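Some notes on the structure that comes next.
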Amino acid sequence: MERIRELEASERKYRHLFERSPAMVYLTDIDGVILDINEGGVEMLGYERREEVIGLTAARSLYVDPADRLRFQEQISKTGSVRGFETRMRRRDGRIIDVSITSALRFDDDGAVAGYEGFVLDITDKQQTRRALQESEEKYRTVAENTLVGICFHQDGRFRYVNRRLAEMLGYDSPDELLGEPFWEVIHPDDREMVRLRGLRRQRGQFHPEQYPFRALRKDGSVLWAELWASPALYRGRAAVVTMIVDITANRQAEEEIRHLSRRLIEVSEEEKKNLAADLHDDLGQNLASLHFGLEALELSLPPEAAESRERCRALIGQVERMAEQVRTTISRLRPDLLDHLGLIPAMEWYVQEYQRNRPGLEVEFQAAGFKKRLPLQMETVLYRILQECLTNISKHARARKVKIFLTFSYPRIILTVKDDGVGYNPRAQAFPAEGGRGIGLLSMRERIASLKGVVTISSAPGKGTTIRVEIPLLEEEA
């Protein structure tokens, strides 16, 4: 009697689980005909009553692909059970759902296989999410693996992902060669500190360039110029960095060639100016001096009663002297002797004095500090020409009353600052006042500075004057 009560209690427990389970619980015979199903299964399959489902054949009425039913039978016949078998079933209304089946063989009293029993979970939402992720990943991989940009992300200083383009860019046969390798090994030793410091600033959320060039090392040790974009990211819950890299080696080589050509053109131009100044001094200057002496001799040879002729000689002598002064001024503008013989600072002092002498209403202050010896001649020439250009622009456009000029040697840089209190201008609205029309203004200045790998910074605002700051590095070989 006690045994019967235990069986009845067990059956009630099973029936309670059977009826209350939100999953589909079922029993079938060996042919897959449904013998029993719970209300959760009836609802999952889109039917209203259990009787509508009992008697249906799973392979014909439920499975979207009958081949899946055959695979299910093969697996369960080998081990006696299956867990998480994924397939697709068709509801009564024709809608397809993704399901996961966990099932086991069911035996009769004689030990023969009588059918199957188990439960089915609706995983449609999970599968749709999975397919969406797979599609998204496929799109990402298609883009990442076929782009012309090198893409990687690194964590703890080591590569965790590298696309094929970056591997090719760095001379590797496969991205796998770089996975797990130190990120810093592909950065040129001279640029590692710069890249590291900018990475630290990025981690702290401080201002940093969105992109910047650096030198990378290929597998064979050759140098690659690259442009880098980097942003912080999370990988498996920890901080990482996503990086995009573009090969700009060809651009850098072209820039170097242009800079070399620009430098050569400037050298040729200065040489021509120097030769022209020398020709003017030697030929025209000597001829004017001879003409001056000749007129003086002519004046002295005239008799006292030839007053009118003597007056005309003196007038011609004055005209020759004015012509000689104009020639000297022109020679100084072309190539001042002071620059070649005494150096940059005396030449600048002389030019400032001449500039101010011709503009009595303008106060010009010039200071130089830190110079113990002369700079390379080409650098002196560039700085002198920049000063000329700045002062020319001030006289044409600034309407300034005061100009301050500071020339400083702070190794390894030479810094020239020209500041005026004039009308100023809006740098966003126009490149530079002198560029409108006939002057070449900032363009000429930038070309000269770029030829020496320097930089120019211009600060201005309407009514606030203009400050031009030029920095030129003194290279080791020049020092």
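What translational diffusion coefficient, in µm²/s and rounded to a whole number, does the Stokes-Einstein relation yield for the stretch 85-164 at 4 °C and a viscosity of 1.567 mPa s, taking the hydrodynamic radius as the Kirkwood radius over Cα pairs?
76 µm²/s
If I model the stretch 156-269 as equal point scatterers sitting on the Cα atoms and use the Debye formula, what is log10 I(q)/I(0) at q = 0.12, 0.13, 0.15, 0.22 Å⁻¹?
With one equal scatterer per Cα and no solvent, log10 I(q)/I(0) is -0.50, -0.57, -0.73, -1.33.
Listing Lys396, Lys404 from the residue with the fewest other Cβ atoms within 10 Å to the one with the most, what is the order?
Lys396, Lys404
Pop out the Kirkwood hydrodynamic radius of the chain from its pairwise C-alpha distances, inverse of mean 1/r, in Å to one decimal.
32.1 Å
Take the Cα of Phe371, step 7 Å along the line toward its Cβ, and report every residue of the stretch 342-358 whose backbone nitrogen sits under 17 Å from that point.
Hits in the stretch 342-358 for Phe371 at 17 Å: 342-355.
Output the 0 to 90 degree angle, nearest 10, between the alpha-carbon long axis of helix 66-79 and the longest principal axis computed from the alpha carbons of the chain.
So the helix axis and the longest Cα principal axis differ by about 70 degrees.
I need the phi-derived Karplus couplings for the stretch 334-344: 6.51 cos²θ - 1.76 cosθ + 1.60, θ = phi - 60°, integer Hz, Gly and Pro marked x.
5, 6, x, 4, 4, 5, 6, 8, 10, x, 5
Would you mind finding the longest exposed-site-free stretch of the chain, with exposed GluC sites (Glu not before Pro) meaning DSSP loop and at most 15 other Cβ atoms within 10 Å?
Answer from the scan: 306-475.
Could you work out the relative contact order of the chain, using alpha carbon pairs under 8 angstrom and six or more residues apart, expressed as a whole percent?
Relative contact order of the chain: 7 percent.
From the C-alpha coordinates alone, can you work out the Kirkwood hydrodynamic radius of the stretch 251-335, in Å?
Details: mean 1/r = 0.0631 Å⁻¹.
This gives a value of 15.8 Å.
At each listed q (0.09, 0.14, 0.18 Å⁻¹), what is the log10 of I(q)/I(0) that the Debye formula gives for the stretch 259-392 modelled as equal alpha-carbon point scatterers?
-0.41, -0.78, -1.04
Send over the Kirkwood Rh of the stretch 338-479, from the inverse of the averaged 1/r over different Cα pairs, rounded to one decimal Å.
15.5 Å
Using the Karplus curve 6.51 cos²θ - 1.76 cosθ + 1.60 with θ = phi - 60°, what ³J(HN,Hα) values do you get for each residue of the stretch 29-34, in whole Hz, with x for Gly and Pro?
Values, residue by residue: 7, 5, 8, x, 7, 6 Hz.
Since every read-out is calculated from the coordinates, none of them should be taken as a lab result. Everything quoted here is computed from the prediction, not taken from an experiment. Reconstructed Cβ throughout: ideal geometry from the backbone, glycine too, with neighbour counts over all protein chains shown.
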